[in-house]
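Reading through the structure tokens given below for one structure.
The values are calculated or read from the model by the stated rules, or taken from the named source; none is laboratory data. Model, not experiment: these values are computed from the prediction. Neighbour counts are summed over all protein chains in view; Cβ atoms, including those assigned to glycine, are modelled from backbone coordinates with ideal geometry. Accessible surface areas use protein heavy atoms only, side chains included; no ligands, DNA or RNA. Shrake-Rupley method; radii C 1.70, N 1.55, O 1.52, S 1.80 Å.
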Amino acid sequence: MAGEKARPRPLVAGNWKMNGLRSALAEAKAVADALAARSAPCPADVLICPPATLVMVMSEILKGTPVAIGAQDCHTEVSGAHTGDLSAEILVDAGATAIIVGHSERRADHDETDNYVHAKQRAVLRSGCLSIVCIGETAGQRRAGQTLDVVVRQLERSLDEGSTSFNTVIAYEPVWAIGTGLTPTVEDVAEVHAAIRDRLTSRFGDEGLAMRILYGGSVKPQNARELMHVPNVDGALVGGASLKAADFLGIIAAYG
Ligand code: PEP
């Protein structure tokens, strides 16, 4: 297959959402221990994004392991009068090396627009962290045949001009597939990822070719292999199944 040769190293990222007390640190530690015990090198980059309260302790516990720690959101500013918010710089100081922006739950719960997501991504780039920019259509938009238009428009508006394959990862997450157990067909995933790749390469050239595009939405150990081997799928953003070490490791195992 033509595009296969140039595939970047996959990324399997866990999004714990608003789950995780200190007792959950054992799950993250179990992932790191299992990856360290492999005789072969870890087949993918691995990231866990716990609630912000666990970023510092988890990054300290997992220092030197194959598991990096990220955050789930950030403010656009560096510091200031923004009660309750966390800047990208504060999260980096706590040990985050990646930050998710534009997750559909934040777009829905906090009315985050593409422009706002763009400002947040710019903040992540400013901090030196990897930005994971989420896009995806709702069930209604898919039914109305608007999937590609919606996804490409979100991509276009949410992504900063300074995006490169080193500082940016795209996560395609159909909203209707998140937490529902439903997944698109592999043909549907291939179609959307190809459209994203097209847009990235026409805007960023070779950098767009090397930029990783994750699939997210009800990824489980049982469907990971099939989904992860679709052309232009360079890894997964995993919600529910990232909370248990065995499930998360089962997804990473899709890469061998
Ligand atoms: C997510 O929230 O990013 C996600 C993909 O969730 P789940 O895997 O639970 O569908």
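Which percent of the accessible heavy-atom area of segment 121-250 goes to carbon and sulfur, probe 1.4 angstrom? Please list the in-between numbers first.
On the way: 2660 of 5130 Å².
Of all accessible area on segment 121-250, carbon and sulfur atoms account for 52 percent.
Summary value for the chain: 21 percent relative contact order, contacts being C-alpha pairs under 8 angstrom separated by 6+ residues. Across segment 127-175, C-alpha contacts under 8 Å between residues 6 or more apart give a mean separation that, scaled by the residue count, equals a relative contact order of 63 percent.
For the chain, adding -39500 (n - 2.57) for each run of n ≥ 4 DSSP H residues and dividing by the number of residues yields -12000 deg cm²/dmol at 222 nm. Under a straight-distance cross-link criterion of Cα-Cα below 26 Å, which lysines are reachable from Lys17, leaving out those fewer than 8 residues away in the same chain? Filter leaves Lys29, Lys63, Lys120, Lys220, Lys244.
Centre-to-centre, using Cα atoms only, segment 236-255 and segment 109-163 are separated by 24 Å.
Accessible area per residue for the chain is 45 Å², calculated with a 1.4 Å probe on protein heavy atoms, without ligands, DNA or RNA.
What shape does segment 1-128 have by the C-alpha gyration tensor, where a ≥ b ≥ c are the square roots of the eigenvalues, rounded means a/c under 1.5, and otherwise prolate means a/b greater than b/c and oblate the rest? Could the numbers behind the result be given before it?
Working: a/c = 2.01, a/b = 1.32, b/c = 1.53.
Oblate is the answer for segment 1-128, as a/c is 1.5 or above yet b/c matches or exceeds a/b.
Given +1 at the Cβ of Lys and Arg, -1 at the Cβ of Asp and Glu and no other charges, the dipole of segment 179-222 around its Cα centre is 160 debye to the nearest 20.
Computed across the chain, the Kirkwood hydrodynamic radius from all distinct Cα-Cα pairs reaches 18.1 Å.
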